[in-house]
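The values are calculated or read from the model by the stated rules, or taken from the named source; none is laboratory data. For clarity, every value in this text was computed on a predicted model and none was experimentally measured. Here Cβ is always computed from backbone atoms with ideal geometry, including for glycine, and neighbour counts include all displayed protein chains. When the accessible area is computed, the model is the full protein with side chains, heavy atoms only, and any ligands, DNA or RNA have been set aside. Shrake-Rupley method; radii C 1.70, N 1.55, O 1.52, S 1.80 Å.
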Amino acid sequence: MATDRSAELFQRARRVSPGGVNSPVRAFKAVGGTPRFMTSGEGAWLTDADGNRYVDFVGSWGPMLLGHAHPQVVSAVQEAVARGTSFGTPAEPEVALAEEIVERTSVESVRLVTSGTEATMSALRLARGVTGRDRVVKFAGCYHGHVDSLLAEAGSGVVTLGIPGTPGVPAHVTADTIVLPYNDVDAVEAAFAEFGGEIACVITEAAPGNMGLVPPAPGFNAALARIASEHGALFISDEVMTGFRAARSGHWELDGQREGWAPDLVTFGKVMGGGFPSAAFGGRRDLMEHLAPAGPVYQAGTLAGNPVATTAGLTTLRLATPDLYTDLLATSLRVRDLVGEALLGAGVPHVIQAAGTMFSVMWGVTDPVTDFAGAQRQDTAAFAAFFSSMLEQGVYLPPSAFETWFVSAAHDDAALTTLSEALPAAAHAAARALDDRP
Ligand SMILES: Cc1ncc(COP(=O)(O)O)c(C=O)c1O
């Protein structure tokens, strides 16, 4: 597979951008090789600068629920662009998007922002503003964007690149962050027993997808909601990745809605932007009313609720019907089966873990992974060998063992045929990497 043009672009990029990328994992550091510079996407397929085509299982890290360049999204966006790209005033699409989010999820009121990082950062500020407390509980392996106080023991690029902590974050900023092992209710109880009166909130990914997919144990999220409430703290569920993706409303549909509890605050992003920079945080009305201009907690954004981004998101969500999620889950199950069969066939120890339509493979382990320590026991060399072989055969996977695979509604038989034809060789490459271990 020729990659000259991508290599050339990467060289140019490195001259003008740190590491040649605008988000670290894109640089392929964990898997080696040349990052592919994409020029177009259509449905389940991406085309790179050298004209190579790939079945895409990254989906822009989650947003592309409908596949790339969905005709209805494209035409809605074209119409919106023609009406003007930003007004800096209220406009109807942002109201309609907020209504759609409120209708689908547990939140009563929502504020639109431009990135998932901004959503979690703002939710944290609101929780601290409402409670008058400073401490925050988070879980090792969860990634909530690059918010200073939440980068401690984070997943995603922080673990992919093996960055132990992040220079530039003052010690006093993380001094109020309590990091606990995921899925460990006793640790949460103990932290609240010691610091209860000082804890503003507990924040967690609704189903962590940034240390690979590690689903919450049954009742874990409910326990967080209960413990936070018992101590006058808030429970923030980060659905930036899972929202409108794991299921129609997000992961909450798979636990809270069934069990009869709701988070105090929720963050969203990715799918709700339809591929544009758009995100949100929301929650109970009485809490959200603490935000300016209704209340004293300040938060603002020049491009928040941008008319083009909100049109893309709204069009995407309206096309994301219950039937679409049924089909998406079926596709996700088929992909998992194909991957599992190939790995078994090649004798590669692995566990496939899932939350709704989202899943990932834990490499070189034999028992389900329940926390960050378990996820870090993966054999990343086996994954790197698998990844490179799949890429060469036209399948684009997340370039890290610590990320979730994303399917879209556009993954049809042709896409799955390409996947299944590529799998045996890649699985054997992973097996060889395991055999070559010192
Ligand atoms: C759960 C979660 N929260 C927050 C973020 C940050 O979102 P963004 O990259 O849009 O800032 C991410 C990004 O992957 C995420 O997965």
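For the reader, a short list of remarks on this structure follows.
- Restricting the search to strands (runs of 3 or more DSSP E) fully inside the stretch 163-251 and requiring at least 1 residues that are more than 16 Å from the ligand (Cβ to nearest atom) and over 21 Å from G129 (Cβ atoms) gives 177-180.
- Every residue from the stretch 255-271 that is crowded, with 21+ Cβ neighbours inside 10 Å and either more than 11 Å from the ligand (Cβ to nearest atom) or not in a helix (DSSP H, G or I) (or both): D255, G256, P263, D264, L265, V266, T267, F268, G269, V271
- Candidates G313, G305, G364, G347 - the one that is at positive phi and within 21 Å of the chain's Cα centre (by Cα): G305
- Any hit, the stretch 392-412, residues being farther than 30 Å from E253 by Cα and either in the same structural domain as C142 (by TED's automatic domain parsing) or in a helix (DSSP H, G or I) (or both): yes
- F87 meets the stated requirement of being of a type in the set (F, W, Y) and touching a helix residue (DSSP H, G or I) at 6+ places or on another chain (Cβ under 8 Å).
- For the stretch 35-45, the count of residues that are without any contact (Cβ under 8 Å) to a residue 40 or more places away in the chain, on the phi > 0 side of the Ramachandran plot and in contact with a Lys or Arg (Cβ under 8 Å, 6 or more places away or on another chain) is zero.
- Restricting the stretch 277-297 to residues that are in contact (Cβ under 8 Å) with a residue 40 or more places away in the chain and open to solvent by 40 Å² or more (accessible area, probe 1.4 Å) leaves a set whose member that is nearest to the ligand (Cβ to nearest atom) is P277.
- The set of residues in the stretch 118-160 being assigned to a helix (DSSP H, G or I), near the ligand (Cβ under 8 Å from one of its atoms) and open to solvent by 10 Å² or more (accessible area, probe 1.4 Å) consists of E118 alone.
- Residues of the stretch 315-324 satisfying the condition of being assigned to a helix (DSSP H, G or I) and open to solvent by 20 Å² or more (accessible area, probe 1.4 Å): T315, R318, L319, P322, D323, L324
- Sole residue being within 18 Å of M288 (Cβ to Cβ) and either open to solvent by 50 Å² or more (accessible area, probe 1.4 Å) or touching a residue at least 60 places away in the same chain (Cβ under 8 Å) (or both), chosen from S115, S109, S86: S109
- Residue identified as closer than 24 Å to S115 by Cβ, under 12 Å from the mean Cα position of the chain (by Cα), at pLDDT 95 or above and not assigned by TED's automatic domain parsing to the domain that holds L333 among V271, V214, V266: V271
- The stretch 201-229 - residue that is free of Cβ contacts under 8 Å to residues at least 40 places away in the same chain and in contact with a strand residue (DSSP E or B) (Cβ under 6 Å, 6 or more places away or on another chain) and, of those, surrounded by the fewest Cβ atoms within 10 Å (Cβ to Cβ): A225
- Verdict on A346 being within 22 Å of A433 (Cα to Cα), free of Cβ contacts under 8 Å to residues at least 60 places away in the same chain and of a type in the set (A, V, I, L, M, F, W, C): no
- When residues of the stretch 61-83 are limited to those that are touching a helix residue (DSSP H, G or I) at 6+ places or on another chain (Cβ under 8 Å) and within 16 Å of the ligand (Cβ to nearest atom), the one most open to solvent (accessible area, probe 1.4 Å): W61
Condition check ((1) over 30 Å from P277 (Cβ atoms); (2) at pLDDT 95 or above; (3) assigned by TED's automatic domain parsing to the domain that holds S40) across all residues:
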residue: G295; (1), (2), (3): no, yes, no
residue: T331; (1), (2), (3): no, yes, yes
residue: L343; (1), (2), (3): yes, yes, yes
residue: A354; (1), (2), (3): no, yes, yes
residue: V365; (1), (2), (3): yes, yes, yes
residue: V369; (1), (2), (3): yes, yes, yes
residue: A375; (1), (2), (3): no, yes, yes
residue: F383; (1), (2), (3): no, yes, yes
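- Residue match in the stretch 422-436 (condition: in contact with a strand residue (DSSP E or B) (Cβ under 8 Å, 6 or more places away or on another chain) and without any contact (Cβ under 8 Å) to a residue 60 or more places away in the chain): yes
- Of all residues in the stretch 331-359, those satisfying the criterion of being part of a strand (DSSP E or B) and either among the hydrophobic types (A, V, I, L, M, F, W, C) or more than 21 Å from L254 (Cβ to Cβ) (or both) are H350, V351, I352, A354, A355, M358, F359.
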